[in-house]
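Trainee: My structure is below; once you've seen it, I'll send some questions.
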Amino acid sequence: MKFRAKIIDVGCLNHFTRVVNTISKLTKTCILRLTPHNLYFVLSGKVASGGVGMWCELSQANFFDEYQLEGVAPDTNEICLEVTPENLSRALRTSQNAKCVKIKLTKKHCPCLTLAADLPTLSSISRVVTHDIPVDVIPRRLWHDFKEPSMPDFDVSIYLPPLKTMKNVVDRMKNLSNFLVMEANLNGEMNLKIETDLVSVTTHFKDLGNPPWGDDGSQGRSQSRDPEVMAHTRVDIRKLQQFLMGQQVNPSKAMCNIVHKRIIHLILLHEDVSLQYFIPAVA
């Protein structure tokens, strides 16, 4: 079982750092799944029992100049590690000006991702800063928990407004309530609502547009739906705020699928990164 990778391009290093920073804001620990072509950060929250879920997919060729992987077995060329994203994020942040960064799976006092940054100096002597980030190797028998989540059979899918605008609205609403209702319809309209004994606040967004999922999406319920009718889900406002606060991917598309009274499924797409985040409903 071997893994080593190298980033030389400073743009790729900064982009990878932003992605890891985003993940670190969403979860304290997650699974890093390494395959020959992709890296995945996975949080396998049991949405049915109130946990959030996350699936972030990166194409390794768009980030790494060198990438070598020998998986746990010839027929299973993958490695699954439990990591603390904040530790990886901290190591990457100290490496921003590096001439190159090498990442390697090592065995120290425990399994580690060792990150070595070759930093620029004024002399000819090289200065390499090394970080050993402890990880747990996930045994194969548990891998079934870390496969790509299936697309929920949503009632409404809608493009999100600018995430910064949405964050400002949610930040203000959080001061008034612990819960938020997110509702949308097939006319490109979305509302964020809070209701308490003392106050009722609604923010309206319109002309957002609805993604054309075609045959790919599980649009069974939404195709026959009245475009005016809202699908809604009530969620813990902190979980939505956490998602909006951590966002550093700068997506070209941001979407939300609503399963009525059950799940909000948020999707951010960048050319070489996709991030899915699942927030369960609360009663």
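The values are calculated or read from the model by the stated rules, or taken from the named source; none is laboratory data. Just so it is clear, the model here is predicted, and its values are computed rather than measured. Reconstructed Cβ throughout: ideal geometry from the backbone, glycine too, with neighbour counts over all protein chains shown. For accessibility, only protein heavy atoms count, side chains too; no ligands or nucleic acids. Shrake-Rupley method; radii C 1.70, N 1.55, O 1.52, S 1.80 Å.
Trainee: Has region 62-74 got at least one residue that is at pLDDT below 95 and within 24 Å of residue 281 (Cα to Cα)?
Mentor: no
Trainee: Let me ask another. Does region 177-197 hold any residues that are touching a Leu at 6+ places or on another chain (Cβ under 8 Å), free of Cβ contacts under 8 Å to residues at least 60 places away in the same chain and either surrounded by fewer than 15 Cβ atoms within 10 Å (Cβ to Cβ) or not small (Gly, Ala, Ser) (or both), and which are they?
Mentor: Hits for region 177-197 are 181, 189, 192, 193, 194, 196.
Here is a yes/no grid of residues against (1) out of contact with any helix residue (DSSP H, G or I) (no Cβ under 8 Å at 6 or more places or on another chain); (2) under 22 Å from residue 269 (Cα atoms):
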site: 99; (1), (2): yes, no
site: 115; (1), (2): no, no
site: 121; (1), (2): yes, no
site: 189; (1), (2): yes, yes
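Trainee: May I pose another question? Name the residue that is nearest to residue 58 (Cα to Cα), counting only residues in region 12-40 that are open to solvent by less than 40 Å² (accessible area, probe 1.4 Å) and either polar (S, T, N, Q) or free of Cβ contacts under 8 Å to residues at least 12 places away in the same chain (or both). Reasoning before the result, please.
Mentor: Step one: list which residues in region 12-40 are open to solvent by less than 40 Å² (accessible area, probe 1.4 Å), which gives 12-13, 15-17, 19-24, 26-27, 30-35, 38-40.
Of the ones still in play, those that are also either polar (S, T, N, Q) or free of Cβ contacts under 8 Å to residues at least 12 places away in the same chain (or both) are 17, 21-22, 24, 27, 35, 38.
On the way: 17: 12, 21: 14, 22: 13, 24: 16, 27: 17, 35: 10, 38: 6 Å.
Filtering first and then ranking leaves 38.
Trainee: Scan region 152-172 for residues that are crowded, with 20+ Cβ neighbours inside 10 Å and in a helix (DSSP H, G or I) and report the count.
Mentor: At the first step, the residues of region 152-172 found to be crowded, with 20+ Cβ neighbours inside 10 Å are 154-158, 160, 166, 170.
Within this subset, residues satisfying the condition of being in a helix (DSSP H, G or I) are 166, 170.
The qualifying residues number 2.
Listed here are the residues, each with its yes/no results for (1) in contact (Cβ under 8 Å) with a residue 40 or more places away in the chain; (2) open to solvent by 60 Å² or more (accessible area, probe 1.4 Å); (3) in a helix (DSSP H, G or I).
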residue	(1), (2), (3)
91	yes, no, yes
121	no, no, no
124	no, yes, no
128	no, yes, no
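Trainee: Please find, within region 258-277, the residue that is modelled with the lowest pLDDT out of those that are crowded, with 19+ Cβ neighbours inside 10 Å and touching a Leu at 6+ places or on another chain (Cβ under 8 Å).
Mentor: It comes out as 273.
Trainee: Hey, another quick one. Report, by residue number, each residue of region 101-118 that is of a type in the set (A, V, I, L, M, F, W, C) and surrounded by fewer than 17 Cβ atoms within 10 Å (Cβ to Cβ).
Mentor: Hit for region 101-118 is 110, nothing else.
Trainee: Filter region 132-151 for residues that are closer than 30 Å to residue 101 by Cα, in contact (Cβ under 8 Å) with a residue 60 or more places away in the chain and not in a loop (DSSP other than H, G, I, E, B) and give the result. Steps first, answer last, please.
Mentor: Of all residues in region 132-151, those closer than 30 Å to residue 101 by Cα come to 132-140, 143, 146-148.
Still in the running and in contact (Cβ under 8 Å) with a residue 60 or more places away in the chain: 135, 137-138, 140, 143, 146, 148.
Within region 132-151, 137, 140, 143, 146 meet the criteria.
Trainee: Right, another one. If I ask for residues that are open to solvent by 30 Å² or more (accessible area, probe 1.4 Å), within 13 Å of residue 16 (Cα to Cα) and part of a loop (DSSP other than H, G, I, E, B), which ones from region 56-84 would you list?
Mentor: 65
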